[in-house]
Amino acid sequence: MSKPTSGDFTKTAGWLDWYTGPTKPSFKLPAGAVDAHCHVFGPGAEFPYAPERKYTPCDASKHELYALRDHLGFARNVVVQATCHGADNRAMVDACLSSGGKARGVATVKRSVTDEELQALHAAGVRGVRFNFVKRLVDFTPKDELMEIAGRIAKLGWHVVIYFEAVDLPELWDFFTSLPTTVVVDHMGRPDVSKPIDGPEFQLFLKFMREHPNVWSKVSCPERLSVTGPKALNGEQAAYQDVVPFARKVVEEFPDRVLWGTDWPHPNLKDHMPDDGLLVDFIPQIAPTAELQHKLLVDNPMRLYWPEESA
Ligand SMILES: O=C(O)c1cc(C(=O)O)oc(=O)c1
């Protein structure tokens, strides 16, 4: 892979580009594995970044994403709309349409989206919308607007992906638990892994999943959540030890409602950029058996994104 650029855009100061030349994972992914959380950025010259964005990334094209998929051994991708593109889904849709059926998408839409536009997104492979509550990434959208969107996309059989910080779960609880669809939490609701796993914050997240069988979780982004590392760099096979108990707990308690993704190209990392091959090697630490791995990487994402092909 070549070095990333940003077209005519100027990257946010301190921006870390995705890792070029990732290693081949030692962990062999099961056949049909899905990278269920990744993004494309631009390229900015073709798909300009949204005026309301909170960061300007380096470009990360569909070609680079699909080369990474093949290199790591994934069969398919779920391309999640990145906030730097706002509600302009063209780059994500273009990636899905050029994947030969190997990618599905998650969009961001506004209340003004028409039924025809939703139908076109569906035809392109979109199966969900993303609601973002992380304040450094987006401006606030009123909950009545989001609930209206959820009601409309429910009719298409889509789900809602939610991204929030663990401290905000109490305030968002009533809204999340009234959503009429399957609800998929990004990155385990971003637990503070320096707090105890049996402390009130993470226990509330587990209660959220226990009491609501429509709630799923991505057990992704150890590189984002880890405080103590070690980092997935320089051949490290036991990366992000502090995240392992949290992710493993979710995988073992809810094996049929978990997803995993690389999060490539890893927006907004400030500390280091992981080697994506070593990130794949993180998976057996949190899903230690072949059965758990198959559910996490194949059965669950297929059921959610390719139900027509799922056994
Ligand atoms: O934590 C983040 O900065 C982040 C940002 C985005 C996005 O900008 O869409 O997506 C993610 O999955 C994570």
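Within segment 218-227, is even one residue more than 16 Å from the ligand (Cβ to nearest atom) and modelled with pLDDT of 95 or more?
So far as segment 218-227 goes, no, none of its residues is more than 16 Å from the ligand (Cβ to nearest atom) and modelled with pLDDT of 95 or more.
Among the listed residues Ala150, Ala82, Ala91, Ala154, identify the single one that is open to solvent by less than 10 Å² (accessible area, probe 1.4 Å) and either out of contact with any strand residue (DSSP E or B) (no Cβ under 8 Å at 6 or more places or on another chain) or farther than 30 Å from Pro30 by Cα (or both).
Ala150 is the lone residue from the list that is open to solvent by less than 10 Å² (accessible area, probe 1.4 Å) and either out of contact with any strand residue (DSSP E or B) (no Cβ under 8 Å at 6 or more places or on another chain) or farther than 30 Å from Pro30 by Cα (or both).
Here is a check on your reading of the model: is Gly21 away from the ligand (no atom under 12 Å from the Cβ), under 22 Å from Arg224 (Cα atoms), in a loop (DSSP other than H, G, I, E, B) and out of contact with any helix residue (DSSP H, G or I) (no Cβ under 7 Å at 6 or more places or on another chain)?
Taking the combined requirement at face value, the residue satisfies it.
Residues in segment 181-192: is at least one farther than 20 Å from Phe74 by Cα, of a type in the set (Gly, Ala, Ser) and away from the ligand (no atom under 13 Å from the Cβ)?
no
With (1) buried (at least 21 other Cβ atoms within 10 Å of the Cβ); (2) over 30 Å from Pro30 (Cα atoms) as the list, and Asn77 as the residue in question, which single condition is left unmet?
Just one mismatch for Asn77, condition (2).
Under the condition of being hydrophobic (A, V, I, L, M, F, W, C) and either within 14 Å of the ligand (Cβ to nearest atom) or surrounded by 23 or more Cβ atoms within 10 Å (Cβ to Cβ) (or both), which residue from segment 252-264 is farthest from the chain's Cα centre (by Cα)?
Ranking the candidates gives Val258 first.
When segment 157-192 is examined, which residues are found to be open to solvent by less than 40 Å² (accessible area, probe 1.4 Å), in a loop (DSSP other than H, G, I, E, B) and farther than 22 Å from Ile286 by Cβ?
Within segment 157-192, Trp158, Leu179, Thr181 qualify.
Tally up the residues in segment 111-139 that are in a loop (DSSP other than H, G, I, E, B), more than 25 Å from Ala33 (Cα to Cα) and more than 16 Å from the ligand (Cβ to nearest atom), please.
The qualifying residues number 4.
How many residues does segment 265-311 hold that are under 19 Å from the mean Cα position of the chain (by Cα), acidic (Asp, Glu) and closer than 30 Å to Leu156 by Cβ?
Qualifying residue count for the region: 1.
Only one of (1) assigned to a loop (DSSP other than H, G, I, E, B); (2) of a type in the set (D, E, K, R); (3) within 15 Å of Phe254 (Cβ to Cβ) fails for Lys195. Which number is that?
Single failed check for Lys195: (3).
Which is within 19 Å of Leu118 (Cα to Cα), at pLDDT 95 or above and over 20 Å from the mean Cα position of the chain (by Cα), of Pro142, Pro170, Pro180?
Just one listed residue meets the conditions, Pro180.
Yes or no, residue by residue, for (1) outside any loop (DSSP other than H, G, I, E, B); (2) of a type outside the set (Gly, Ala, Ser); (3) touching a residue at least 12 places away in the same chain (Cβ under 8 Å):
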| site | (1), (2), (3) |
| --- | --- |
| Asp8 | no, yes, yes |
| Ala36 | yes, no, yes |
| Glu52 | no, yes, yes |
| Leu65 | yes, yes, yes |
| Phe74 | no, yes, yes |
| Asn77 | yes, yes, yes |
| Cys84 | yes, yes, yes |
| Asp88 | no, yes, yes |
| Val106 | yes, yes, yes |
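Every residue in segment 31-60 that is open to solvent by 10 Å² or more (accessible area, probe 1.4 Å), under 23 Å from Cys96 (Cβ atoms) and either of a type in the set (Lys, Arg) or away from the ligand (no atom under 15 Å from the Cβ) (or both), please.
Within segment 31-60, Ala31, Gly32, Pro43, Ala45, Glu46, Pro48, Arg53 meet the criteria.
The values are calculated or read from the model by the stated rules, or taken from the named source; none is laboratory data. It should be emphasised that the depicted structure is a prediction, and the values quoted were computed from it without experimental measurement. For neighbour counting, all protein chains shown are included, and Cβ atoms are generated from backbone atoms with ideal geometry for every residue, glycine included. Surface accessibility is based on the protein's heavy atoms, side chains included, excluding ligands, DNA and RNA. Shrake-Rupley method; radii C 1.70, N 1.55, O 1.52, S 1.80 Å.
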